[in-house]
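Written out below as structure tokens is the structure these notes cover.
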Amino acid sequence: MIIPEITIQDAISMPILGFGTWEMGGRQSPDKSEDDKFVRAMQLALENGIRHIDTAAIYGNGHTEELVARAIKTYNREKLLITSKVSGDQLAYHDVINAAHNSLKRLQTAYLDLYLLHWPNPDVPIEETMKAINELLEQGFIKHFGLSNFSAEQTAEVLRLTDAPLITNQLEYNLFTRNNGRITEDVEASIIPFCQSKGISITAWRPVLKGATNPLQQPLINEIAAKHEATRMQIALAWLLNKPLTLAIPKMTSEKHILENIAATAIKLDTNEMDLLDNLA
Ligand SMILES: NC(=O)c1ccc[n+]([C@@H]2O[C@H](COP(=O)([O-])OP(=O)(O)OC[C@H]3O[C@@H](n4cnc5c(N)ncnc54)[C@H](OP(=O)(O)O)[C@@H]3O)[C@@H](O)[C@H]2O)c1
């Protein structure tokens, strides 16, 4: 299936649905007990039209990136989009450079399509971090850069320090997490309007509520799901995917979830349905 794409900052075309990898291969330390299962899940997603994989240096303390390398080995690298992230505690100049090269090594790739600052760090001058990002961009080790968990003010500060297009701000965002995220508290109130006014996309992390289906058992969601012959979770995901300049990166291991989420990219919600869901939380 072809997943719809959006062009961001006239610089990159990205599919609205990507593949999240948190907890594949461990949390803060490696867990190799289910490697084959996760590699297979990534490959199943790639075989069914996914071409963007989101990972990070801290996932499995690097092991998740190694699993991504295994999964993509036999695919045409140029057709894939690989996002990784440098931890917020590695934002000093030399740490960013080292972290990027270590990610490239683990991913066995010459470049990252998108490199994100995983979270802001008020203890490191952002000028120093952006000097490293600008160099990595110039040298071609990263094609594009973005942010994650940055406030509107912090995003504005970054914009002042580079001429490169800022592609995305990755934020906790789903049907029930709006201005009440664990890290960002003002996503709908402040961050999204600011980012969108600057052409910066929003990448929703935790887009399928970590698989929690109970909060979705509501008459409005049941009604919209029935109308579209969809599951309630597909409607929750479609609500994000129908928003302008918005991408989602659910983590999905089971074949059922992979196929369900890919199918959700074809669900068109009308203005009335979007308004009702907008006002749900
Ligand atoms: N930037 C950041 O700070 C940050 C923070 C957290 C996450 N992330 C990124 O965002 C990605 C997604 O977030 P997340 O993994 O925390 O949460 P999530 O994607 O909302 O939830 C993943 C869970 O939902 C289940 N699931 C997937 N599709 C489903 C469906 N259609 N119906 C029911 N359950 C479904 C998965 O099950 P199965 O795996 O069993 O299929 C898994 O247990 C991460 O993997 C990571 O790449 C970024």
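Quick one: go through segment 19-47 and flag any residue whose amide nitrogen is under 15 Å from the point 7 Å out along the Cα-to-Cβ line of I2. None, by backbone N distance to the label point.
Along the Cα-to-Cβ line of Y111, 7 Å from the Cα, sits a label point; which residues in segment 156-174 have backbone N less than 15 Å from it? It comes to 165, nothing else.
Under 12 Å from the 7 Å Cα→Cβ point of R160, by amide nitrogen: which residues of segment 119-139? Under 12 Å, as judged by backbone N against the label point of R160, lie 126-127 of segment 119-139.
Checking the a/c ratio against 1.5 first, then a/b against b/c, what shape does the Cα gyration tensor give for segment 77-167? Prolate. The H94 and A226 beta-carbon pair, evaluated with R₀ = 51 Å, returns a calculated FRET efficiency of approximately 0.35.
For K73 and E188, calculate 0.36 nm times their separation in residues minus their Cα-Cα distance, and state this gained length in nm to one decimal.
Details: separation 115, 0.36 × 115 = 41.40 nm, distance 3.82 nm.
Here the segment from K73 to E188 would lengthen by 37.6 nm.
For segment 108-120, putting each phi into the Karplus relation 6.51 cos²θ - 1.76 cosθ + 1.60 with θ = phi - 60° gives couplings of 6, 9, 7, 8, 9, 6, 9, 10, 10, 7, 5, 7, x Hz, in residue order, rounded to whole numbers and with x for Gly and Pro. Would you give the gap between the C-alpha center of segment 14-57 and the C-alpha center of segment 206-224, rounded to a whole Å? What the calculation gives is 23 Å, centre to centre.
Treating each Cα of segment 1-81 as one equal point scatterer and applying the Debye formula with no solvent, the log10 of I(q)/I(0) at q = 0.14, 0.17, 0.22 Å⁻¹ comes out as -0.47, -0.67, -0.99.
Among L276, L17, sorting on how many other beta-carbon atoms sit within 10 Å of each Cβ, with the fewest leading, yields L276, L17.
With the simple spin-label model, which puts each label point 7 Å out from Cα in the Cβ direction, the K256 to T271 separation comes to 3.8 nm. Rounded to the nearest 0.05, the FRET efficiency derived from the C-beta distance between N179 and S29 at R0 = 25 Å is 0.15.
Annotated for segment 154-281: lysine pairs at least 8 residues apart or interchain, Cα distance under 24 Å, count 12.
For the chain, DSSP calls about 20 percent of its internal beta bridges antiparallel. Note on K79: aspartates and glutamates with a C-alpha under 12 Å away, same-chain residues under 8 apart excluded, are D113.
Treating r as the C-beta distance of D123 and Q196 and R0 as 25 Å, the FRET efficiency rounds to 0.30. Summing charges over neighbours of E138, with a neighbour being any other residue whose Cβ is under 13 Å away from its Cβ, gives 0 when K and R count +1 and D and E count -1.
Values in this text are rule-based calculations from the coordinates and carry no lab data. Please read all numbers here as calculations on a predicted model, not as lab measurements. FYI the Cβ positions are ideal-geometry reconstructions off the backbone, even for glycines, and counts take in every protein chain you see.
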